[in-house]
1. Restricting to the range 151-166, what's the tally of residues that are surrounded by 17 or more Cβ atoms within 10 Å (Cβ to Cβ) and either within 16 Å of ligand 2 (Cβ to nearest atom) or in a loop (DSSP other than H, G, I, E, B) (or both)?
2. I'd like the full set of residues that are part of a loop (DSSP other than H, G, I, E, B) and either within 16 Å of ligand 2 (Cβ to nearest atom) or open to solvent by 30 Å² or more (accessible area, probe 1.4 Å) (or both), limited to the range 220-229.
3. Scan the range 171-193 residue by residue and report those that are in contact with a strand residue (DSSP E or B) (Cβ under 9 Å, 6 or more places away or on another chain) and without any contact (Cβ under 8 Å) to a residue 40 or more places away in the chain.
4. Of everything in the range 200-219 that's in a loop (DSSP other than H, G, I, E, B) and more than 16 Å from ligand 2 (Cβ to nearest atom), which residue is least open to solvent (accessible area, probe 1.4 Å)?
5. If I ask for residues that are away from ligand 1 (no atom under 16 Å from the Cβ) and open to solvent by 30 Å² or more (accessible area, probe 1.4 Å), which ones from the range 167-199 would you list?
6. So, in the range 17-37, exactly how many residues are open to solvent by 60 Å² or more (accessible area, probe 1.4 Å) and closer than 16 Å to GLU69 by Cβ?
7. Could you identify the single residue in ALA63, ALA9 that is under 17 Å from LEU208 (Cβ atoms), crowded, with 18+ Cβ neighbours inside 10 Å and not aromatic (Phe, Trp, Tyr)?
Amino acid sequence: MKAEAATDAVRLQGVEYRWNARDPFCLSIGEFEVSRGERLLLLGASGSGKSTLLSLLTGIALAQAGSLEVLGQRLDELSGSGRDRFRAEHFGIIFQMFNLLPYGVVIDNVLLPLSFAPERRARATAAGGTESEARRLLSALGLPADIGQQTAATLSVGQQQRVATARALIGSPEIIVADEPTSALDDDRQQDFLDLLFGQIDATKATLIMVSHDRRLARHFTRVVQLTDILATSKRESDKR
Ligand code: ADP
Ligand code: MG
């Protein structure tokens, strides 16, 4: 059982989180695991706590109760800066609003996570050099060859999304987390984008955790979970114990 646990990408037990003691919102999850290599889609309505859950998984926020392990590491056993390093090394994150540095050029945006992640930097270097790896990813994601020196703020939404994806993929982190990354795209572009993303994830065998309110995405994933199905329903859960 212990050895099996280490094969999990993510493992949550009895996790509870409030952003603020006065806020009635509390994310409470009984048990939830994601195996390595899974492509998981987590569905939930707007405001149900999907982004909050991703903040917990990536150690941006720290649960107030319960245990949360990523790749066998309990996040609450790391210091704040330790969690920052752990996040940079093991997670590629595609944020809902992409969070590119608007005045930075595309190449610098893609290379950014490598500054905080020596293992990712070493993998990108071994793949032929960090800059050429960034260019390879940009081109694999369907961006024009000369986009590298363009300022991020001048890009279309679809292009920004692909740059954010290249930034998440560079150096092959074990887990890719994506927060509604297709919500700004029309259906054709969504399909196109998912094909490109999955193509890259196939190559690195990364675990993918995507959250969305859009159940039409379901057919692309190996597992689909409703957030409401993993929330601890306090009465029933406590009766079982
Ligand atoms: P979803 O991503 O499913 O739309 P969220 O996780 O963003 O849901 O929101 C769940 C609750 O957490 C909401 O009440 C929201 O206001 C609150 N919340 C989300 N992010 C923050 C934050 N950074 N600071 C404070 N409250 C937050
Ligand atoms: Mg959200």
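1. 3
2. Scanning the range 220-229 gives a single hit, THR222.
3. If the condition is that a residue be in contact with a strand residue (DSSP E or B) (Cβ under 9 Å, 6 or more places away or on another chain) and without any contact (Cβ under 8 Å) to a residue 40 or more places away in the chain, then THR182 is the only one that fits.
4. Residue satisfying both the conditions and the ranking: ALA206.
5. Passing the criteria: SER172, GLU174, ASP186, ASP187, ASP188, ARG189, GLN191, ASP192, ASP195, LEU196, GLY199.
6. Counting residues in the range 17-37 that are open to solvent by 60 Å² or more (accessible area, probe 1.4 Å) and closer than 16 Å to GLU69 by Cβ gives 3.
7. ALA9
Residue-by-condition table, conditions (1) without any contact (Cβ under 8 Å) to a residue 60 or more places away in the chain; (2) of a type in the set (S, T, N, Q); (3) surrounded by fewer than 20 Cβ atoms within 10 Å (Cβ to Cβ):
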residue	(1), (2), (3)
GLY59	yes, no, no
GLY72	no, no, yes
ALA88	yes, no, no
GLY104	yes, no, yes
VAL110	no, no, no
SER115	yes, yes, yes
ARG123	yes, no, yes
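The values are calculated or read from the model by the stated rules, or taken from the named source; none is laboratory data. Remember, predicted model here, so these are calculated numbers, not experimental data. When we count neighbours, we look across all protein chains shown, and the Cβ atoms used for this are built from the backbone with ideal geometry, even at glycine. These accessible areas exclude ligands, DNA and RNA; they are computed on the full protein's heavy atoms, side chains included. Shrake-Rupley method; radii C 1.70, N 1.55, O 1.52, S 1.80 Å.
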